[in-house]
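Undergrad: Input: one structure, supplied below.
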Amino acid sequence: MPDRIVPTAPKGGPAALTAVLDDVLATGAALAAADAARTRALAAAGHLALDVMADQRATARAAELALREVASEIAAAENLSDRTVQTHIQRAMTLVDHYPHTLAAWEAGALTRAHVHAIVDIGTPSRPTRAPSSTC
């Protein structure tokens, strides 16, 4: 039967562990701030596309194409699919426009990306997948 492994305290004692924990927390806060900044930039890109189309009094289809064009440019620069970036832009616009306090808390490191996504998912009404049928 193998010997049971007993965990040992990290070398350097509690002070070393505290220093590592501080680094982990600081890095997490920096990542949250960077994610929030990217979210703001993606929302700005989406608003730019919508503003350009609003100035031209375009149809909803033309506005969709403008958003897709902006998403394609970002996607090419980031080596992602345009549909993925378009989804990121729409999600970013929702967060910036409808959940500014959540975005600020994320930026400050008080929330994680998972928290933010859960808040947006719960707060965004789902679209019906099928129109209700009317039977008489």
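Undergrad: So how exposed is Arg68, as accessible area in Å² (1.4 Å probe, rounded to 10)?
TA: Looks like 60 Å² after rounding.
Undergrad: Next up: I need the phi-derived Karplus couplings for segment 71-88: 6.51 cos²θ - 1.76 cosθ + 1.60, θ = phi - 60°, integer Hz, Gly and Pro marked x.
TA: Couplings: 4, 5, 4, 5, 4, 5, 5, 9, 6, 10, 7, 5, 5, 4, 5, 4, 5, 4 Hz.
Undergrad: Could you grab the relative contact order for the chain? Cα pairs under 8 Å, six or more apart, rounded to a whole percent.
TA: Rounded, it is 27 percent for the chain.
Undergrad: Additional query: Which three lengths, in whole Å and largest first, does segment 32-114 cover when its Cα atoms are put on their principal axes?
TA: On the principal axes, segment 32-114 reaches 40, 27, 15 Å in Cα extent.
Undergrad: Right, something else. Pop out the carbon and sulfur fraction of the accessible area of segment 8-127 as a percent, whole number, probe 1.4 Å.
TA: Roughly 61 percent, rounded to a whole number.
Undergrad: Roughly how many Å² is the accessible area per residue of the chain, as a whole number, for a 1.4 Å probe?
TA: 74 Å²
The values are calculated or read from the model by the stated rules, or taken from the named source; none is laboratory data. Being a predicted model, the structure only gives us computed values, none of them experimental. Accessible surface is based on the protein model in full, side chains and every heavy atom, while ligands, DNA and RNA are left aside. Shrake-Rupley method; radii C 1.70, N 1.55, O 1.52, S 1.80 Å.
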